[in-house]
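Quick notes on the structure that follows.
FYI, it's all coordinate maths here, none of it is from the lab. The model shown is predicted, which means the values in this text are computed figures rather than measured ones. All Cβ positions, glycine included, derive from the backbone under ideal geometry; neighbour counts span all protein chains shown.
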Amino acid sequence: MHAIEAIYDGFNFIPTQPVQVNENYKVIITFVEPVKNNKAYTGGEKKLPRSTAFGIWKDKVWMSDDFNEPLEEMKEYME
């Protein structure tokens, strides 16, 4: 059994420290208290991992030039 501390941002659970596991784990999540009331996070003592910074995916994700073009398979439905 492992215990980790994380922040839930409404979509993701963001660990406050690196998590080193080599297997898939079943997890049980317990919400303890809102971050805004937790002085450890609002006082600047702890910071979120760098991986949560804006722009982390810059130059790592691309989109095809014809992404918005109609698909040939759907042509008969779009007329």
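At a glance:
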item	result
Potential lengthening between E79 and W57 on full extension [0.36 nm per residue; Cα-Cα distance subtracted]	4.2 nm
By average C-beta atoms within 10 angstrom, highest first, the peptides 26-33, 71-78	71-78, 26-33
Eligible aspartates and glutamates near K75 by straight Cα distance, threshold 16 Å, same-chain separation 8 or greater	D66
